[in-house]
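J.: Please see the structure below; I have some questions.
Nothing in this text is a laboratory measurement; each read-out follows from the coordinates by a stated rule. All figures in this text were calculated on a predicted structure; none of them were measured in a lab. Glycine also receives a Cβ, built like all others from the backbone with ideal geometry; neighbour counts cover every protein chain displayed.
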Amino acid sequence: MDTDVNRHDRMTGCLGEAAGIAIGLVKLGTCDLAAITDMLTYARESQHEKILRGLAVGLALTLYGRLEEADHCIGELSRDKDPILRWAAALAIAAAYAGTANNQAVRQLLHMAVSDVADDVRRAAVSAIGFVLFRSPEQCPTVVSLLAESYNPHVRFAAAVSWLLLPDFLNHIALNYIQKYAIPSLQLIFMKLSAVCGNIFAVIYSFF
């Protein structure tokens with residue numbers, strides 16, 4: 001009986017996580033206030049971490065590309081006592097300001113990266129910087145370089161991820177902290193590629 005109950009709880013969490021993401025996909029970029037309110041209310045009532053994370057992604061997707069329209073929701077999420085909802089704030093900034101190089105968004109992410117007590121939130125905030133700056137790759141090294149030297153391994157990892165989001169990441173792959181996280185990622189990618197992909201293998205191998 002205990003096994004059945006645990007299995008049911010796990011399935012409920014998985015289904016709830018999928019539903020939260022699905023709501024975000026259906027409401028992608030709409031900034032639908034009613035949907036956002038419903039998701040926030042349910043997230044604060046739910047005890048399932050999977051459901052919370054699904055709703056967090058759903059909220060971010062709903063705010064995709066909305067810029068300043070998303071600021072009120074982002075502010076509410078960033079002040080929440082639940083670290084998963086603060087994690088959602090970082091995802092929301094990445095979605096709302098993707099590719100814009102918005103200074104306010106970058107400053108807010110930097111503040112979260114150095115001040116939040118939850119490693120998940122700090123990692124998400126630094127990774128989100130890559131999403132905000134991916135159309136302005138020349139700005140990313142200045143912003144991320146100090147974070148790459150952080151004592152916190154989660155922040156260092158996210159700094160590497162933000163580099164890998166840039167279109168010119170191959171120019172920076174020779175850096176040690178990029179290699180540490182890039183190599184395992186590239187191995188996973190290579191498993192799905194074949195020789196017909198051209199000279200990408202030779203180009204990447206030349207850096208190691």
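J.: Please list, in order along region 121-132, the HN-Hα scalar couplings obtained from phi with the Karplus expression 6.51 cos²θ - 1.76 cosθ + 1.60 (θ = phi - 60°), rounded to whole Hz, x for Gly and Pro.
T.: Taking θ as phi minus 60°, the curve returns 5, 5, 5, 5, 5, 5, 4, 5, 4, x, 5, 5 Hz for region 121-132.
J.: Right, here's the next one. Note down the net charge around PRO83, summing +1 for each Lys or Arg and -1 for each Asp or Glu among other residues with Cβ under 14 Å from its Cβ. Please list the in-between numbers first.
T.: Working: positive: ARG44, ARG53, ARG79, LYS81, ARG86, ARG122, ARG123; negative: GLU49, ASP80, ASP82, ASP116, ASP119, ASP120.
Cβ neighbours under 14 Å give a net charge of +1.
J.: Right, something else. Do any trypsin sites (Lys or Arg not before Pro) in region 15-116 lie in a DSSP loop with no more than 15 other beta carbon atoms within 10 Å, and if so, which?
T.: Sites meeting the loop and neighbour criteria: ARG79, LYS81.
J.: Identify the chymotrypsin sites (Phe, Trp or Tyr not before Pro) of region 107-155 meeting these criteria: DSSP loop state and at most 11 other C-beta atoms within 10 Å of the C-beta.
T.: TYR151
J.: Continuing with the same structure: If R0 is 25 Å, what FRET efficiency do you get for ASP120 and ARG44 from their C-beta distance, rounded to 0.05?
T.: Calculated value: 0.90.
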